[in-house]
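Data block below; observations after.
The values are calculated or read from the model by the stated rules, or taken from the named source; none is laboratory data. None of these values were measured; they are calculated from a predicted model. Backbone-built Cβ (ideal geometry, glycine too); neighbour counts: all protein chains shown.
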Amino acid sequence: MAEITIRVNGSDAPLSVDPRTSLLDLLRERLGLTGTKKGCDHGQCGACTVLIDGRRANACLALAIAQDGSDVTTVEGLASAEGPADGGDLHPLQAAFIERDAFQCGYCTPGQLCSAAGMLAEGGPSAVTPDLAEDPRLTPAEIRERMSGNLCRCGAYVNIVAAITDVARTGAGDGARAGARAGAREAVT
Ligand code: FES
Ligand code: FES
């Protein structure tokens with residue numbers, strides 16, 4: 001066993017872990033944070049996406065022991081600290097997903113939300129960016145490409161892209177909890 005401390009959703013969690021434990025299993029089985037979903041457990045579906053030091057990552061492929069000292073945000077940590085049940089605010093992406101009806105069964109949704117929060121903070125071109133010399137605008141095509149690691153078996157992609165586009169337009173997704181670069185992007189109208 002190894003002794004590690006991971007900061008999860010703003011709180012330090014000192015833990016004794018088997019070196020073979022994935023971050024996903026640590027979150028779900030040890031910390032009870034079951035919002036992060038296990039789909040394929042092989043890095044193929046994106047259901048387990050969390051933010052590690054502000055960057056999105058597949059928790060099923062990340063060893064817990066390698067995250068010692070890291071700051072991890074799960075879907076439970078996206079909303080304001082008070083939480084919606086106590087009068088706090090949803091993350092703008094959560095609100096947009098509700099507004100746009102961007103889910104059906106909801107299984108992929110935590111991963112979609114964390115991935116989108118991380119994506120909004122990223123810069124640089126993607127595989128569909130026409131001009132590699134420029135920081136591209138977040139067109140629907142850019143959003144689809146950048147979210148392509150997150151599968152939705154219900155096929156809610158149209159509304160997922162619409163919800164993310166809404167947030168990208170306002171810059172509201174660039175919150176500190178997502179480790180975002182505020183105002184980094186200009187969305188297509
Ligand atoms: S459960 Fe991690 S990518 Fe599918
Ligand atoms: S809403 Fe069902 S898998 Fe995406």
L78 vs (1) within 16 Å of ligand 2 (Cβ to nearest atom); (2) in contact with a Lys or Arg (Cβ under 8 Å, 6 or more places away or on another chain); (3) closer than 24 Å to T165 by Cβ: all pass except (1)
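Yes/no matrix, rows are residues, columns are (1) in contact with a Lys or Arg (Cβ under 9 Å, 6 or more places away or on another chain); (2) hydrophobic (A, V, I, L, M, F, W, C); (3) outside any loop (DSSP other than H, G, I, E, B); (4) without any contact (Cβ under 8 Å) to a residue 12 or more places away in the chain:
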residue	(1), (2), (3), (4)
E99	no, no, yes, no
Y107	yes, no, no, no
G111	yes, no, yes, no
A117	yes, yes, yes, no
S126	yes, no, no, no
P130	no, no, no, yes
P136	yes, no, no, yes
Of the candidates V128, V167, V161, the one satisfying the condition of being more than 20 Å from A47 (Cα to Cα), over 13 Å from the mean Cα position of the chain (by Cα) and at pLDDT 95 or above is V167
Of those in segment 45-68 that are surrounded by fewer than 22 Cβ atoms within 10 Å (Cβ to Cβ), touching a residue at least 60 places away in the same chain (Cβ under 8 Å) and more than 23 Å from G123 (Cα to Cα), the residue farthest from ligand 2 (Cβ to nearest atom) is D68
Flagged in segment 143-155 as over 17 Å from the mean Cα position of the chain (by Cα) and either away from ligand 1 (no atom under 16 Å from the Cβ) or surrounded by 17 or more Cβ atoms within 10 Å (Cβ to Cβ) (or both), in numbering order, are G155
Taking segment 109-125 and the residues there that are more than 16 Å from ligand 1 (Cβ to nearest atom) and surrounded by 18 or more Cβ atoms within 10 Å (Cβ to Cβ), the one that is modelled with the lowest pLDDT would be A121
